[in-house]
Each structure stands twice: as structure tokens, then as C-alpha cells.
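Derivation of every value follows stated rules applied to the coordinates shown; laboratory data play no part. These numbers come from a predicted model, not from an experiment. All Cβ positions, even for glycine, are placed from backbone atoms using ideal geometry, and neighbour counts span all protein chains on display.
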């Protein structure tokens, strides 16, 4: 089954006649480029609200010794991700860490 290039074009695009339709795809490409620019503008205005969770941890450097409460604000809706981020930051300074609460910011 040998088909020439012209027969393949006719099968795919129909018998439009001239193969010089290069101006039409360029016009469509410009239309495609314009649409994302408008959607980017919409996304910028939609980023005004950033969801936050407040993670409260009890931390200390001595086992059953003096502890203190610290809070961490996470910019995510995932409780697990907020907890993991807070624990990662607290491990840099403290040896013993206990999760107290994860609550949404007001």
C-alpha cells in the first residue's frame, strides 16, 4: 500500500486544492498565543487569596525537659504537607518535637 505524499494530504485534510495554506495556520497560531496571555492575567488576579494553615508544635532540646510552643504558617490546604513543613523547619533548631495542632488561619 504505497501512497504518495499528496494522496496522504488529501486523505487527512480533504481535497482543498492548493497546498499553500501556510497563512491559515499562522493566523491560528497567533490566536492560540493571544489566549494564554489573557488567561495569565486572570490567574494573577485570582492569586489574591492564599490559603494558610497554622501548625502549633511543642519543641525542646532536652528529653522531658523545658519545652516551648512555636507556630508555623503554611501556605497550603494539605494538613499533612503543612505538618511536614513545620517539622522540617523545627528539626533545624530542636531535637524533640511534638505536634499540638493544625488549624486553618483566620
Subject >> Along each principal axis, Cα extent of the range 53-104, largest first, Å >> reply: 33, 17, 13
**OP:** Extending each Cα 7 Å along its Cβ direction at residue 58 and residue 91, get the distance between those two points in nm, one decimal.
**Re:** 2.1 nm
**OP:** Using label points projected 7 Å from each Cα along Cα→Cβ, tell me how many nm separate residue 81 and residue 99, to one decimal.
**Re:** 1.5 nm
